[in-house]
1. Condition (residue is free of Cβ contacts under 8 Å to residues at least 24 places away in the same chain, open to solvent by less than 80 Å² (accessible area, probe 1.4 Å), in a loop (DSSP other than H, G, I, E, B) and more than 23 Å from Pro156 (Cα to Cα)) applied to the range 32-46: is it met by at least one residue?
2. Suppose we keep only residues that are open to solvent by 30 Å² or more (accessible area, probe 1.4 Å) and within 14 Å of Lys120 (Cβ to Cβ) within the range 149-163. Which one would you say is nearest to the chain's Cα centre (by Cα)?
3. Pick out the one residue from Gly116, Gly131, Gly196 that is small (Gly, Ala, Ser) and surrounded by 19 or more Cβ atoms within 10 Å (Cβ to Cβ).
4. Can you find a residue in the range 1-13 that is open to solvent by 70 Å² or more (accessible area, probe 1.4 Å), more than 22 Å from Val117 (Cβ to Cβ) and assigned to a loop (DSSP other than H, G, I, E, B)?
5. Does Pro18 satisfy being farther than 20 Å from Thr121 by Cβ, open to solvent by 50 Å² or more (accessible area, probe 1.4 Å) and modelled with pLDDT of 95 or more?
6. Here is a list: Ala58, Ala25. Which entry is at pLDDT 95 or above, assigned to a loop (DSSP other than H, G, I, E, B), open to solvent by 20 Å² or more (accessible area, probe 1.4 Å) and more than 15 Å from Ala136 (Cβ to Cβ)?
7. Which condition breaks for Arg94 when tested against (1) basic (Lys, Arg); (2) more than 19 Å from the chain's Cα centre (by Cα); (3) under 23 Å from Thr139 (Cβ atoms)?
Amino acid sequence: MKKADRAAFMGKLRDRFPNPESELAFTTPFELLVAVMLSAQATDKGVNIATAKLFPVANTPEAMVELGVEGLIPYVKTLNLFRTKAKHIVEASRILIEKHGGEVPRDFAALVALPGVGRKTANVVLNVAFGMPTIAVDTHIFRVCNRTGFARGKTPDEVEAKLLKIVPEEFRLNAHHWLLLFGRYCCKARNPECEGCPVSAFCSAPEKKARLKAVEIGRPGEDAAAAAKPKATRKRAAKPATKA
């Protein structure tokens, strides 16, 4: 994507999602930290259902340590990797008490030092809880940036580094939300809604051509992502030689 188009690209996403916010339910930085830790390989809706029962019982590091791993598991057992997540949350809570006075630190290095907290989780907490212009890269953002050509990279870390360089400053605070919501509700992995895409003019992805063709012929339910992949050429098996 051309450098001159970057601001226009982000501006279109801002217009589409003018008041972006996290879809995870939380009231404190610690609740957000726990919710994001639980969200790995899980939907925000599923996490919110679990935390609606959990947070009234334990929404501080002290209460979480008192609850313990076995006490926490019944609240999160509906989520993928719940045992590992429960262990990480309780251990992270203990570290917050011992090293940070029971508060969630506003420091990237301190956050990623917690068990179960990677770059994405740390960046979400810093951005959403503390208003820092960090950009977390999840599967939606990784897909959007590579598919549209806005910020291509082979890994989420590469995409994050590129976004921090190319996203104009005026958009940086909410860039994470705009890109995520766009990927979740429009530029979806399967059947991206290219016909109503706010940034279609900047995108040359094969999926767009496949989707628009499917819409044109009245079959929008086709998997545009699959249709956009080049078809493998089949080699015809050689016939066995016949005896003279």
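1. Start the filter on the range 32-46 by keeping residues that are free of Cβ contacts under 8 Å to residues at least 24 places away in the same chain, which leaves 35, 39, 43-45.
Remaining after also requiring open to solvent by less than 80 Å² (accessible area, probe 1.4 Å): 35, 39, 44.
Now restrict to residues that are in a loop (DSSP other than H, G, I, E, B): 39.
Filter again for more than 23 Å from Pro156 (Cα to Cα), leaving none.
So far as the range 32-46 goes, no, none of its residues is free of Cβ contacts under 8 Å to residues at least 24 places away in the same chain, open to solvent by less than 80 Å² (accessible area, probe 1.4 Å), in a loop (DSSP other than H, G, I, E, B) and more than 23 Å from Pro156 (Cα to Cα).
2. Here is the first cut: in the range 149-163, the ones open to solvent by 30 Å² or more (accessible area, probe 1.4 Å) are 152, 154-158, 161-162.
Keeping just the survivors that are within 14 Å of Lys120 (Cβ to Cβ) gives 155-158, 161.
Working: Thr155: 13, Pro156: 10, Asp157: 13, Glu158: 15, Ala161: 16 Å.
Here the answer is Pro156.
3. The unique qualifying residue is Gly116.
4. Our first condition is that a residue be open to solvent by 70 Å² or more (accessible area, probe 1.4 Å); within the range 1-13, this holds for 2-4, 12.
Now narrow it down to the ones that are more than 22 Å from Val117 (Cβ to Cβ): 2-4, 12.
Right, trim to assigned to a loop (DSSP other than H, G, I, E, B) and you get 2.
Scanning the range 1-13 turns up at least one residue that is open to solvent by 70 Å² or more (accessible area, probe 1.4 Å), more than 22 Å from Val117 (Cβ to Cβ) and assigned to a loop (DSSP other than H, G, I, E, B).
5. Working: farther than 20 Å from Thr121 by Cβ: yes; open to solvent by 50 Å² or more (accessible area, probe 1.4 Å): yes; modelled with pLDDT of 95 or more: no.
So Pro18 does not fit the description; no.
6. Working: Ala58 fails: open to solvent by 20 Å² or more (accessible area, probe 1.4 Å).
Result: Ala25 is the single residue among Ala58, Ala25 that is at pLDDT 95 or above, assigned to a loop (DSSP other than H, G, I, E, B), open to solvent by 20 Å² or more (accessible area, probe 1.4 Å) and more than 15 Å from Ala136 (Cβ to Cβ).
7. All conditions pass for Arg94, except number (3).
Matching residues to (1) touching a helix residue (DSSP H, G or I) at 6+ places or on another chain (Cβ under 8 Å); (2) part of a loop (DSSP other than H, G, I, E, B); (3) at pLDDT below 95; (4) open to solvent by less than 30 Å² (accessible area, probe 1.4 Å):
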| site | (1), (2), (3), (4) |
| --- | --- |
| Ala63 | no, no, no, yes |
| Gly68 | yes, no, no, yes |
| Gly71 | no, no, no, yes |
| Pro74 | no, no, no, no |
| Asn80 | no, yes, yes, no |
| His88 | yes, no, no, no |
| Val104 | yes, yes, no, yes |
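The values are calculated or read from the model by the stated rules, or taken from the named source; none is laboratory data. Predicted model, so just to flag it, every value in this text is computed and none were measured. Glycine gets a Cβ as well: all are built from the backbone with ideal geometry, and neighbour counts include every protein chain shown. When the accessible area is computed, the model is the full protein with side chains, heavy atoms only, and any ligands, DNA or RNA have been set aside. Shrake-Rupley method; radii C 1.70, N 1.55, O 1.52, S 1.80 Å.
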